[in-house]
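**Q** Take this structure first; my questions come after.
Read the figures in this text as sums done on the coordinates, not as results from a lab. Treat the numbers as computed from the prediction; the structure is a model and nothing was measured. Cβ placement follows ideal geometry from the backbone for every residue including glycine, while neighbour counts extend to all protein chains displayed.
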Amino acid sequence: MSHIIPVRAFKDNYIWLIPDESLHTAWVVDPGDASPVMHYLHEHHLTLTGILITHHHQDHSGGVADLLNEWGNVPVYGFVKSQVPQISHFVKEGDVVNCGELTFNVAEIPGHTLDHIAFYNEKIIFCGDTLFSAGCGRVFEGTYEQMYHSLLKLLQMSDSAKVYCGHEYTLQNLRFAEQVEPSNYFIQEKIKIVNQCLADGKPTLPSVLHDEKNINPFLRCNEKAVIQTAQRHAKNTLTKPEEVFKILREWKNQI
Ligand SMILES: [Zn+2]
């Protein structure tokens, strides 16, 4: 399998490139800005062959028009009800997308936005701004319940799959995770690894889904320690994991 390349954009976005070295082609995921993508493609003599869009936010789709101007009408895959005007191939839950040598399934994961989808297979998950390493996206358009169930859907995917998120938020997410679970050994270990990555100027992503189960408070709403912290914060008894999720997400919004 080709290596997936992070292309940095804006302050902390990652645009993911899927090169096929034998064919000198590449697909791109969530090009919020065209210029760093074009720069990478030209520098490595790659031709753009397709675009995947996880959701409509400008920092994930704002570069599509310029890329189409440069590379012609390559297919742009996005959710069937998405408002991104350049989408040419509309997909929904259960659809399959062939990107050169790789094949992805489509999962609908509303919450951050209502048009949010993931492209995934056994080894790779492109989850945009829904799941971050040690965190999750803000709930802008959907309900907290929708967002929580979208995270549960991602949780069902292959344990060994690498998680390609849209932003470099890992350290700040881990600081929050540490507040929620001060005695979680995995969080402490991950903070050391992430600090080293950042000191070396390397991305902290992709993460591995299995590791997220140990460190991500938003995926741990059934854990006793997480429930207890959320209850203390809410000054209330919480009986459902969806309630725990909402308390944690609202708490983190204020940090
Ligand atoms: Zn977003």
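**Q** Each residue of the stretch 186-203 in turn: what ³J(HN,Hα) in whole Hz from Karplus with 6.51, -1.76, 1.60 and θ = phi - 60°, glycine and Pro shown as x?
**A** 5, 5, 4, 5, 5, 4, 4, 4, 5, 4, 5, 3, 5, 4, 7, x, 9, x
**Q** How would you classify the stretch 152-216 from its alpha-carbon gyration tensor, with a ≥ b ≥ c the square roots of the eigenvalues: rounded for a/c under 1.5, else prolate if a/b is greater than b/c, otherwise oblate?
**A** Verdict is oblate for the stretch 152-216.
**Q** Pairs of Cα atoms under 8 Å, at least six residues apart: use those to get the relative contact order of the chain, whole percent.
**A** The value is 13 percent.
**Q** Sticking with this one: Pairs to check: K162/K213; K92/K240; K11/K202; K162/K240; K81/K246. Give those whose C-alpha atoms are more than 19 Å from each other in this structure.
**A** Flagged as over cut-off: K92/K240; K162/K240; K81/K246.
**Q** OK, next. For a footprinting-style exposure proxy, rank Y185, Y169 by other Cβ within 10 Å, fewest first.
**A** The order, fewest Cβ neighbours first, is Y185, Y169.
**Q** Anyone know which of Q83, Q228, Q156 comes out most mobile in the 10 Å Cα GNM of the chain?
**A** Maximum among the listed residues: Q156.
**Q** Over the stretch 207-255, what number does the Rg to Rh ratio reach, with both radii from the alpha-carbon atoms and Rh per Kirkwood?
**A** My calculation puts Rg/Rh at 0.99.
**Q** Nearest 5 percent is fine: what portion of the DSSP beta bridges confined to the chain is antiparallel?
**A** Of those bridges, close to 65 percent are antiparallel.
**Q** To the nearest 500 deg cm²/dmol, what mean residue ellipticity at 222 nm is calculated for the chain from DSSP H runs of n ≥ 4 alone, each contributing -39,500 (n - 2.57), summed and divided by the residues?
**A** -10500 deg cm²/dmol
**Q** Need one word for the chain: rounded, prolate or oblate. Basis is the Cα gyration tensor (sqrt eigenvalues a ≥ b ≥ c); a/c below 1.5 gives rounded, then a/b vs b/c decides.
**A** Since a/c reaches 1.5 and a/b is larger than b/c, the shape of the chain is classed as prolate.
**Q** For C99, which sequence-distant residues (separation of 5 or more, or a different chain) have an amide H within less than 5 Å of its own amide H, given hydrogens modelled in the peptide plane?
**A** Under 5 Å from the amide H of C99: F104.
**Q** Right, something else. Give me the percent of DSSP beta bridges within the stretch 1-89 that run antiparallel, rounded to the nearest 5.
**A** 55 percent
**Q** If you place +1 on the Cβ of every Lys and Arg, -1 on the Cβ of every Asp and Glu, and leave all else neutral, what size is the dipole of the chain about its Cα centre, to the nearest 20 Debye?
**A** 960 debye
**Q** I want to verify a result. In a Gaussian network model of the chain, Cα cutoff 10 Å, which of these has the top mean-square fluctuation: K190, K162, K235?
**A** The residue that fluctuates most here is K235.
**Q** Also: For the stretch 1-109, what's the relative contact order in percent, using C-alpha pairs closer than 8 Å and at least 6 residues apart?
**A** Relative contact order for the stretch 1-109 comes out at 19 percent.
**Q** While we're on this one: Assign unit charges at the C-beta atoms only (+1 for Lys and Arg, -1 for Asp and Glu), then state the dipole size of the stretch 78-173 relative to its Cα centre in Debye, rounded to the nearest 20.
**A** 40 debye
**Q** Please build a GNM for the chain, connecting alpha carbons under 10 Å apart, and tell me which residue among C136, C99, C165 fluctuates the most.
**A** Checking each option, the largest mean-square fluctuation is seen for C99.
**Q** Can I ask one more? For the stretch 237-248, in order, what is each residue's ³J(HN,Hα) by Karplus, 6.51 cos²θ - 1.76 cosθ + 1.60 with θ = phi - 60°, in whole Hz (x at glycine and Pro)?
**A** So the Karplus estimates, Gly and Pro as x, are 7, 10, 9, 10, x, 4, 5, 4, 4, 4, 4, 5 Hz.
**Q** What percent do you get for the relative contact order of the stretch 60-165 when only Cα pairs under 8 Å and 6+ apart count?
**A** Reported as a whole number, the value is 20 percent.
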